[in-house]
Amino acid sequence: MTFAEVEAWVRANLPPAPAQVLEVGAGDGELARALRAAGYDVTAIDPKSDSPDVLPVALADLPDPPRPFDAAVAVVSLHHVDPLEPSMQRLADVTAPSAPLLIDEFDVSALDERTAAWWLEQRRASGGDEPETPAELIETMLAKVHPIERLVDALTPWYEVGEPLRGTYLYRWKLDQSVRPVEERLIAAGELPRTGVRIIARRRSRPRPGA
């Protein structure tokens, strides 16, 4: 599911249509379809997708495009990419110099027990079957999700990485839009951390020395 505010952020930071855009981890292709409807030339990839709108290929295995992409988008997907470092190099290989990479992510390092307990409570209230304790949830997520710091380190040889913009995310994690105002209020009161991170990176004209 693509949330309206996510699509709005992506649209606001892409070059004008009909730019060629690569979407990494496109899921069912909902965002790709919306961008195509807005005039963008979108190549959407996801090795686990069975959507006809998405190529079932991993980033590391992406063939050379006819010409480099003008931009790339990754919505809550880079934290699953493996192998990470070679995949980030491949992403740089297929994007044009100065092309923006729009990253919308979950910062797993911000998931503490208080936050995990709140999320589990919301899931159970909405009918979710979540047997884990907060500590178990944190352990599970840390084992399978790259933290933001590692993503930034993997991108830095190939991209100028902008300052992370932090905000809400938990309402999008198996919850829904109705939870967003609650999460925002708790963040403002200092009772929940900002677990969402958005970053705009730009493809370097040449790799950083030592890459």
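Name the one entry in E85, E7, E23 that is crowded, with 20+ Cβ neighbours inside 10 Å and touching a residue at least 24 places away in the same chain (Cβ under 8 Å). It would help to see each step written out before you state the result.
On the way: E85 fails: crowded, with 20+ Cβ neighbours inside 10 Å; E7 fails: crowded, with 20+ Cβ neighbours inside 10 Å.
Checking each option against the conditions leaves just E23.
Mind listing whichever residues of the stretch 118-132 are in contact (Cβ under 8 Å) with a residue 12 or more places away in the chain and open to solvent by 40 Å² or more (accessible area, probe 1.4 Å)? So that I can check it myself, show each step before the final result.
Of all residues in the stretch 118-132, those in contact (Cβ under 8 Å) with a residue 12 or more places away in the chain come to 118-120, 122-123, 126, 128, 132.
Correct list: Q122, R123, S126, E132.
In the stretch 61-75, what count of residues is obtained for those that are open to solvent by less than 40 Å² (accessible area, probe 1.4 Å) and not in a loop (DSSP other than H, G, I, E, B)?
Filtering the stretch 61-75 down to residues open to solvent by less than 40 Å² (accessible area, probe 1.4 Å) leaves 62, 65, 69, 71-75.
Right, trim to not in a loop (DSSP other than H, G, I, E, B) and you get 69, 71-75.
The total comes to 6.
In the stretch 164-203, how many residues are outside any helix (DSSP H, G or I), out of contact with any strand residue (DSSP E or B) (no Cβ under 8 Å at 6 or more places or on another chain) and open to solvent by 40 Å² or more (accessible area, probe 1.4 Å)? Explain how you work it out, then say what you get.
Going residue by residue through the stretch 164-203, those that are outside any helix (DSSP H, G or I) are 164-169, 173-176, 189-203.
Of the ones still in play, those that are also out of contact with any strand residue (DSSP E or B) (no Cβ under 8 Å at 6 or more places or on another chain) are 174-176, 189-193.
Then keep just the ones that are open to solvent by 40 Å² or more (accessible area, probe 1.4 Å); that gives 174, 176, 189-191.
Summing the residues that are outside any helix (DSSP H, G or I), out of contact with any strand residue (DSSP E or B) (no Cβ under 8 Å at 6 or more places or on another chain) and open to solvent by 40 Å² or more (accessible area, probe 1.4 Å) in the stretch 164-203 gives 5.
Show the residue pairs meeting these rules: Cβ distance below 9 Å; 6+ apart or different chains; first residue within the stretch 135-150 and more than 15 Å from G196 (Cβ to Cβ) and without any contact (Cβ under 8 Å) to a residue 12 or more places away in the chain; second residue assigned to a helix (DSSP H, G or I) and open to solvent by less than 90 Å² (accessible area, probe 1.4 Å).
Qualifying pairs under 9 Å: E136/A116.
For the stretch 145-163, which positions are in a helix (DSSP H, G or I) and more than 15 Å from the chain's Cα centre (by Cα)? Quick ask: steps written out before the conclusion?
Initially, the stretch 145-163 is screened for residues in a helix (DSSP H, G or I), giving 148-155.
The one that is in a helix (DSSP H, G or I) and more than 15 Å from the chain's Cα centre (by Cα): D153.
State whether one or more residues within the stretch 27-37 are in contact with a Leu (Cβ under 9 Å, 6 or more places away or on another chain), within 12 Å of V94 (Cβ to Cβ) and not basic (K, R). Spell out the reasoning first.
The initial filter retains those residues of the stretch 27-37 that are in contact with a Leu (Cβ under 9 Å, 6 or more places away or on another chain), namely 35.
Still in the list and also within 12 Å of V94 (Cβ to Cβ): none.
No, the conditions are met nowhere in the stretch 27-37.
Answer yes if at least one residue in the stretch 88-103 is under 25 Å from K174 (Cβ atoms), modelled with pLDDT of 95 or more and part of a helix (DSSP H, G or I), and no otherwise. It would help to see each step written out before you state the result.
Keep residues of the stretch 88-103 that are under 25 Å from K174 (Cβ atoms), which gives 102-103.
Narrowing further to those that are modelled with pLDDT of 95 or more: 102-103.
Narrowing the set further to residues that are part of a helix (DSSP H, G or I) leaves none.
No, the stretch 88-103 contains no residue that is under 25 Å from K174 (Cβ atoms), modelled with pLDDT of 95 or more and part of a helix (DSSP H, G or I).
The values are calculated or read from the model by the stated rules, or taken from the named source; none is laboratory data. Just so it is clear, the model here is predicted, and its values are computed rather than measured. Glycine gets a Cβ as well: all are built from the backbone with ideal geometry, and neighbour counts include every protein chain shown. These accessible areas exclude ligands, DNA and RNA; they are computed on the full protein's heavy atoms, side chains included. Shrake-Rupley method; radii C 1.70, N 1.55, O 1.52, S 1.80 Å.
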